[in-house]
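Quick note: the coordinates plus some simple rules give every number you see, no bench work behind them. All values derive from a computational prediction rather than experimental measurement.
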Amino acid sequence: MSENEAINPHTGQPLPPEANEGGEPQKAQSSEGAAKASALAPPAEKQVGPPAIGSTPTQQELAVRSVLETVMDPEIGLSVVDLGLIREVHFVEGGTLVRMMLTTPFCPYAPQMMAEVKQAAESVVPQPCEVEILADPWSPDMMPDPSLLGYSY
């Protein structure tokens, strides 16, 4: 990948030259370490429910997930962890990759929540972080405790 290719912040993939004004390639906006993290992380998988119990999280992952409990969905008033939006946390050479979902496909708070997740992750693990939005649909079944929404379904 050349230095002047733009990177899609949601997928970590290069943007085509026509994706920006004038058709000229833009300089990548994400850091090189975070781009490497996205490229080296395993492909996103569809997952229903909370992360698998058999997988033992590292202390870094526990620290990141713990700090992400402070990142709130501004519309619902619950943390991204309580809502089950954080699907994967990967640590690879040179960066951290957090894959998350949104409660609605065109959430107006997506940029704000992505920035807060990135800032929180970088506050506990001192390396570049990239936040990738997964296109999978969200449902309350993905929450560790769906009763936090205040109604039964």
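Listing for the model above:
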quantity: Table column - 3J(HN,Hα) (Hz), segment 97-108, Karplus curve with 6.51, -1.76, 1.60, x for Gly and Pro; calculated: 10, 10, 9, 9, 10, 10, 6, 9, x, 10, 4, x
quantity: Amide H contacts of residue 130 (H built 1.01 Å from N, under 5 Å, at least 5 apart or other chain); calculated: 96, 97, 98
